[in-house]
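*Asks:* Structure below; questions to follow.
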Amino acid sequence: MKEEFNIQNFVRENVKGLKPYSSARDEYVSDGSNMVFLDANENPFENGVNRYPDPQQRSLKGILAEQKGISEKQLLLGNGSDEVLDLLFRAFCEPKKDSILTFPPTYGMYKVLAGINAIENREVLLTPDFELDVNAILKSAGANTKMLFICSPNNPTGNSFDQQAILKLLNDFNGLVIIDEAYIDFSEKPSWTSRLSDFPNLVITQTLSKAYGMAGIRLGICIASEDVIKVLNRIKPPYNVNALTQRRAVKRVLNISQIKSEVNAVLEQKRLLLRVLPKISFIQKVYRSDANFLLLKVDNANERYDQLLKRGVVVRNRSSQPRCKDALRFTIGTPEENIKLVNALQNIEK
């Protein structure tokens, strides 16, 4: 258990004294009664979206909190996980002074957001077998290193990181540990949400884009202590999640049996591909994956990428990433899409 961690020591000075904008829908929360709303300068003619959305997304948070076994006060929702990540930078990192730690190959937006916010990004490469180099990470942390970002299961490698390695970082790193669980629903490993009470420096991000199949509505989730969420609520835009997104998300997350069915279908297709792909002669290695994609080492990634493209299959060439020379990433598709992928690979082999 992490002790003597005070989040206020990490909040930017300008944010500490900031009073968040109070919108009309913050000041009066409807109790469901039939009221005349003349407080927000809205167009009064009903068309389904003429009213401002709930700035705190209460209906959606209530469902998500119950499903995840946490309090609504431990939740912040954003316009995709990228907004959530950006809020963390703006709340806790002082431009041109502070730094973060990232561990390539990993999700590229951490580095992009660091650049946008004028924060130094200190990179510590994963080991050759795609694990966290904990000793090197702790040595790279400086006095002004405020956050580190762990994507687990990791993108683009697909593997989940060793639990003991993450625990050591939670205990020994003097800053926020952000665990990006975008792919957690496809993994047999449990979410780190169960350890929130043990680590006040733990922040978890999740998304409705992957397992929930809602990439188009842009809905990201931040799960953290109430103290961290309070800070983020100070700086988030008042209506950052629109009404259409909230309604569509509520409808989807209530259908949890359908989501689980789709996840199981993806995992079954992954198992089938894992039996077929190693038999393709130019595929040299298929890396272990806890996600809805597979990373493959091939003989010539650029050539194989172009050959697949000509056969109507678009994959991701990750060769430019550290430790990913000649690596292609395949998302698990529908049975019909996966058949087309296998046929294309076998056709190239011939």
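None of the figures in this text is laboratory data; all of them are computed from the coordinates on show. All figures in this text were calculated on a predicted structure; none of them were measured in a lab. Here the Cβ is made from the backbone with ideal geometry for all residues, glycine too, and neighbour counts use every protein chain on show.
*Asks:* Just the number, please: percent antiparallel of the DSSP beta bridges in the chain, rounded to the nearest 5.
*Replies:* Within the chain, antiparallel bridges account for around 55 percent of the total.
*Asks:* Please list, in order along the stretch 319-325, the HN-Hα scalar couplings obtained from phi with the Karplus expression 6.51 cos²θ - 1.76 cosθ + 1.60 (θ = phi - 60°), rounded to whole Hz, x for Gly and Pro.
*Replies:* So the Karplus estimates, Gly and Pro as x, are 4, 6, 7, x, 6, 10, 4 Hz.
*Asks:* Treat the count of other C-beta atoms within 10 Å as a stand-in for reagent exposure and order 150, 339 from fewest to most.
*Replies:* Ordered by Cβ neighbours within 10 Å, fewest first: 339, 150.
*Asks:* So, one more: Tell me the angle of helix 301-310 to the major Cα principal axis of the chain, expressed in degrees between 0 and 90 and rounded to the nearest ten.
*Replies:* 80
*Asks:* Take the Cα of residue 242, step 7 Å along the line toward its Cβ, and report every residue of the stretch 48-73 whose backbone nitrogen sits under 13 Å from that point.
*Replies:* Correct set: 49-53.
*Asks:* I need 268, 94, 181 ordered by Cβ neighbour count within 10 Å, fewest first.
*Replies:* So the residues, fewest neighbours to most, are 268, 94, 181.
*Asks:* Could you check which residue among 290, 86, 162 shows the biggest mean-square fluctuation in a GNM of the chain with a 10 Å Cα cutoff?
*Replies:* Answer for the Gaussian network model of the chain: 162.
*Asks:* Ok, one more. Order by neighbour count: 73, 111, 210, 310, fewest other Cβ atoms within 10 Å first, most last.
*Replies:* 310, 73, 111, 210
*Asks:* Here is a further query. Between 0 and 90 degrees, rounded to the nearest ten: what's the tilt of helix 58-68 against the longest Cα principal axis of the chain?
*Replies:* Between the helix axis and the principal axis of the chain, the angle is about 50 degrees.
*Asks:* Given points 7 Å out from each Cα along the Cα-Cβ axis, report the residue 143 to residue 337 separation in nanometres with one decimal.
*Replies:* 5.0
*Asks:* On a 0 to 90 degree scale, rounded to 10, what angle separates helix 163-172 from the longest Cα axis of the chain?
*Replies:* Between helix and principal axis, roughly 40 degrees.
*Asks:* Using the Karplus curve 6.51 cos²θ - 1.76 cosθ + 1.60 with θ = phi - 60°, work out ³J(HN,Hα) for each residue of the stretch 16-29 in order, rounded to whole Hz, and write x for Gly and Pro.
*Replies:* After applying 6.51 cos²θ - 1.76 cosθ + 1.60, I find 4, x, 7, 9, x, 4, 9, 7, 4, 7, 7, 6, 10, 9 Hz.
*Asks:* If the label point is 7 Å along Cα→Cβ of residue 272, which residues in the stretch 319-350 have backbone nitrogen under 11 Å from it?
*Replies:* Hits in the stretch 319-350 for residue 272 at 11 Å: 333-342.
*Asks:* I'd like the Karplus ³J(HN,Hα) series for the stretch 254-263: coefficients 6.51, -1.76, 1.60, θ = phi - 60°, whole numbers in Hz, and an x wherever there's a Gly or Pro.
*Replies:* 6, 9, 5, 5, 5, 4, 4, 5, 5, 4
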